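Trainee: Please see the structure below; I have some questions.
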Number of protein chains: 2
Amino acid sequence: MELEIIDSISRLVSQSSKGDVHPVGIGDDAAIVRIRNQTVLMASDMLLDGVHFNVKSTPPYLIGRKALAVNLSDIAAMAGTPVACTVSLAIQRGLSSYWILEVMKGIKDLADQFEVAVVGGDTNYWDGPFSLNVSIVGNEHPKGSVLRSGASADDRIFVTGPLGGSISGKQFTFTPRVKEAQWLRDHFDITSMIDISDGLSTDLRHILKSSGVGAKLFRDRIPRNQTSTLNEASGLHDRQPRLCTIDEALTDGEDFELCFTLRPDDAVKIFDFAPRHQVQIFEIGSVTSSVASLMFDDGTAIESRGYQHR
Amino acid sequence: MELEIIDSISRLVSQSSKGDVHPVGIGDDAAIVRIRNQTVLMASDMLLDGVHFNVKSTPPYLIGRKALAVNLSDIAAMAGTPVACTVSLAIQRGLSSYWILEVMKGIKDLADQFEVAVVGGDTNYWDGPFSLNVSIVGNEHPKGSVLRSGASADDRIFVTGPLGGSISGKQFTFTPRVKEAQWLRDHFDITSMIDISDGLSTDLRHILKSSGVGAKLFRDRIPRNQTSTLNEASGLHDRQPRLCTIDEALTDGEDFELCFTLRPDDAVKIFDFAPRHQVQIFEIGSVTSSVASLMFDDGTAIESRGYQHR
């Protein structure tokens, strides 16, 4: 039902009388909006108590930080530069001013770090649970944005960091890959890119669908998080640190690493460059011509909601 | 408490390391964001069940329409042109797909009417009440935006329509004054402007504060709505149509008419021009040099939350 309504909404709003205004539109990480003779990137994310955080257990600073970080990640996935954001708050009556200001500090500190201006917003009180929306505008990369639709057969597939287990902390503390994406776009012709919010298997499928291709992943080369590392970041500790399973790495989501594709000749070169520039990259597979097919190198199909144990 | 937190947030986010990015910032109807060599208007509004509408009684189409309309009104108050918007939804589980699509149709139809593209969004399900956020970007007027800060003593004060009683229907059916604002800016040097969302007495005070001036209003010339007219628009009917009181006209809010100021010589000219262009205007008072003082022409003070009955 939830996926159906998103499709219905997409169909409705794409019946635009003003098609030239948004060359990309609703289907990519950020929209490209034409304003006079220039283009602007625009994205928006809403975070809800009980869904993306928990008012009772998540430090408010980290709630605010995450609300901006996921938007920065959207701009990063286009290889753009974030410029300014607005913040809308739905404040549950009874939450203290201190708590709310901590949320705003989490936003403000990350905004300063990425040189983003907080230019406006809307503050409301209600009896519903706390929620907030951050909207962001940014610059396109001088060489143009990277879309989801440019991958072709034989391209190599990369991710910018280990995946899985983000729920135990990294979802609140991740570094949006803005600088990494810009560095990648500066030096290579990235053919497609997306940020991993719903899990590698789901988000890679968006690239495959948009590009009309398939993919084969190296089962043993998908980088996986240590859950203990993640928990340390959030101030919580597992008794038994362990490596995420492949299934978790493919489906947990909220990793906010980038997944991107490169032509084979660029793929060879990137490993010479990236380490010198502190950009972490992992080659995890290659693009195939089998439309929408996602499998491991041993031929096992990867199901829509991720790897299914046999 | 609610006003205090808004002040605290404003102070926090205005400590920007990137002050040149937002020449206006959080204090006006829309922010002016510099992107490369150009500026973009940006605004954001969140609407909440039980605060701005009621899921049980408000037609979903009108909820969607209002969510975009208040943003269009923000752009209008700068005399700008809206270009594109994003829509974030927090959908309470149990609401039907039909209901949600009606919300989106309300947005889409108004967007088409104002040639605004719906370029993206974020659709979420939760157990909390329905809420939505619309963010908008727009073009500045070629002659520049109209701020709240440009009024000076002897300027005349105008509104674009009758005020009060909006809660009985007009809050959902109002026409955002985008075209009116552009026409005004095309032909006159509007010295300040704001849209009336919180009531004339509150919103005019924002102009007075930003401009460092005061105002005197003609008690008998403030245009007031007929409540029956409003109810007709929403499909509801009062048994006894009546004119809003002055108090209601000053404090009800959600009028979404524009309040603006003009130099005295322009104020004389405007009545020759406006009717021919179907722009409704009402002269309601004049600007004084008594900082932050708001009163009627008979000398009665208008209290902060509006006119107080003697």
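The values are calculated or read from the model by the stated rules, or taken from the named source; none is laboratory data. Here the structure is a predicted model, which is why all the values come from computation and not from measurement. Backbone-built Cβ (ideal geometry, glycine too); neighbour counts: all protein chains shown. With ligands, DNA and RNA removed, areas are computed over all heavy atoms of the protein, side chains included. Shrake-Rupley method; radii C 1.70, N 1.55, O 1.52, S 1.80 Å.
Trainee: Over all alpha-carbon pairs in the protein assembly as shown, figure out the percentage whose distance exceeds 39 Å. Could the numbers behind the result be given before it?
Mentor: On the way: 61169 of 191890 pairs.
Value for the protein assembly as shown: 32 percent of Cα pairs lie more than 39 Å apart.
Trainee: For region A:96-183, what size does the Cα cloud have along each of its three principal axes, sorted from largest down, in whole Å?
Mentor: 54, 33, 24
Trainee: Taking every DSSP beta bridge that has both residues in the protein assembly as shown, what percent is antiparallel when rounded to the nearest 5?
Mentor: Percent antiparallel among DSSP bridges in the protein assembly as shown is about 75.
Trainee: What residues have an amide H closer than 5 Å to that of B:GLN92, excluding those fewer than 5 places away on the same chain, when H is modeled at 1.01 Å from N in the peptide plane?
Mentor: HN-HN under 5 Å from B:GLN92: B:TRP126, B:PHE130, B:SER131.
Trainee: While we're here: Just going by the charge dipole of region B:21-139, with Lys and Arg at +1 and Asp and Glu at -1 on Cβ, which of B:SER131, B:ALA77, B:ILE32 is farthest out on the positive end?
Mentor: Of B:SER131, B:ALA77, B:ILE32, it is B:SER131.
Trainee: OK, next. Across chain B, what fraction of all alpha-carbon pairs, as a whole percent, falls in each successive 20 Å bin from zero upward?
Mentor: Here the calculated profile for chain B is 32, 60, 8.
Trainee: Going 7 Å from Cα along the Cα-Cβ axis for the label, what nanometre distances separate B:LYS269 from the same residue across the other copies?
Mentor: Result, one decimal in nm: 6.0.
Trainee: Once you wrap a convex hull around the alpha carbon atoms of region A:62-122, what is its projected area averaged over all directions, in nm²?
Mentor: 4.1
Trainee: If you don't mind, another one. Averaged over peptide A:88-96, how many Cβ atoms belonging to another chain are found within 10 Å of each residue's Cβ?
Mentor: Mean inter-chain Cβ contacts per residue within 10 Å come to 4.
Trainee: When the Kirkwood radius is taken over all Cα pairs of region B:156-225, what Stokes-Einstein diffusion coefficient follows at 37 °C and 0.692 mPa s, in µm²/s?
Mentor: Diffusion coefficient, whole number: 242 µm²/s.
Trainee: Looking at chain B, send over the antiparallel percent of its DSSP beta bridges, to the nearest 5.
Mentor: Values: 41 of 55 bridges.
Beta bridges within chain B, antiparallel portion: roughly 75 percent.
Trainee: Which FRET efficiency value, to the nearest 0.05, is calculated for B:SER290 and B:ILE6 with the Förster distance at 22 angstrom and r the Cβ-Cβ distance?
Mentor: 0.30
Trainee: Between copies, how far does the label point of B:GLN15 sit from its twins, in nm, shortest first, when each point is 7 Å from Cα along Cα→Cβ?
Mentor: Distances to the matching label points in the other copies: 5.0 nm.
Trainee: Can you give the charge dipole size of region B:21-139 about its Cα centre, rounded to the nearest 20 debye, using +1 on the beta carbon of Lys and Arg and -1 on the beta carbon of Asp and Glu?
Mentor: Around 120 debye, computed over region B:21-139.
Trainee: Of the listed peptides A:258-271, A:159-172, what is their order by residue-averaged count of other C-beta atoms within 10 Å, with the highest listed first?
Mentor: A:159-172, A:258-271
Trainee: Next question, about the same structure. Set Lys and Arg Cβ to +1 and Asp and Glu Cβ to -1, take the dipole of chain A about its Cα centre, and tell me which of A:HIS187, A:ILE107, A:VAL213 lies farthest positive.
Mentor: So the residue we want is A:ILE107.
Trainee: Then there is this: Rounded to the nearest 0.05, what FRET efficiency do B:SER14 and A:ASP298 have when you use their Cβ-Cβ distance and R0 = 56 Å?
Mentor: For R0 = 56 Å, the calculated efficiency reads 0.50.
Trainee: So, one more: Only Lys, Arg, Asp and Glu count, each charged at its Cβ (+1, +1, -1, -1), so figure out the dipole size of chain A about its Cα centre, rounded to 20 debye. Display every interim value, and only then the final one.
Mentor: On the way: 30 positive and 40 negative charges, 44 e Å.
That gives a dipole near 220 debye.
Trainee: Counting only heavy atoms of protein chains, what accessible area per residue, in Å², does region B:156-296 have with a probe of 1.4 Å?
Mentor: Value returned for region B:156-296: 42 Å² of accessible area per residue.
Trainee: Which entries in the list A:LYS179/A:LYS269; B:LYS209/B:LYS269; B:LYS105/B:LYS179; A:LYS66/B:LYS56; A:LYS66/A:LYS269; A:LYS108/B:LYS179 go over 24 Å, if you measure between the two C-alpha atoms of each?
Mentor: Cα-Cα > 24 Å for B:LYS209/B:LYS269; A:LYS66/B:LYS56; A:LYS66/A:LYS269; A:LYS108/B:LYS179; rest within.
Trainee: Sticking with this structure for a sec: Taking the label point as lying 7 angstrom from Cα along the Cα-to-Cβ axis, what are the distances from B:GLU115 to the corresponding position in the remaining copies, in ascending order and in nanometres?
Mentor: 3.5
Trainee: Report the charge-dipole magnitude of the protein assembly as shown in Debye, nearest 20, computed about the Cα centre from +1 at each Lys and Arg Cβ and -1 at each Asp and Glu Cβ.
Mentor: Dipole of the protein assembly as shown, to the nearest 20 debye: 180 debye.
Trainee: Let me ask another. Take the alpha-carbon centre of region B:159-222, take the same for region B:29-83, and report the distance between them in whole Å.
Mentor: 16
Trainee: Follow-up question, since we're still on this one. To the nearest whole number, what is the average tally of beta carbon atoms from other chains within 10 Å of the beta carbons of peptide B:105-117?
Mentor: Whole-number average of other-chain Cβ neighbours for B:105-117 is 3.
Trainee: Using the Kirkwood radius over C-alpha pairs as Rh, can you work out the diffusion coefficient of region A:21-139 via Stokes-Einstein at 20 °C, viscosity 1.002 mPa s, in µm² per second?
Mentor: 146
Trainee: Once the Cα gyration tensor of region A:156-296 is diagonalised, what are the square roots of 5 times its eigenvalues, in whole Å and ordered largest first, as equivalent ellipsoid semi-axes?
Mentor: 25, 18, 13
Trainee: Another question about this same structure. Sort B:40-50, A:3-13 for me by packing, meaning the mean count of neighbouring Cβ atoms within 10 Å per residue, highest on top.
Mentor: Descending packing order for the listed peptides: B:40-50, A:3-13.
Trainee: From the phi angles alone, apply the Karplus equation (6.51, -1.76, 1.60; θ = phi - 60°) to region A:175-192 and give each ³J(HN,Hα) in whole Hz, x where the residue is Gly or Pro.
Mentor: Once rounded to whole Hz, the list reads 8, x, 7, 5, 5, 4, 5, 5, 4, 4, 5, 4, 9, 9, 8, 4, 8, 7.
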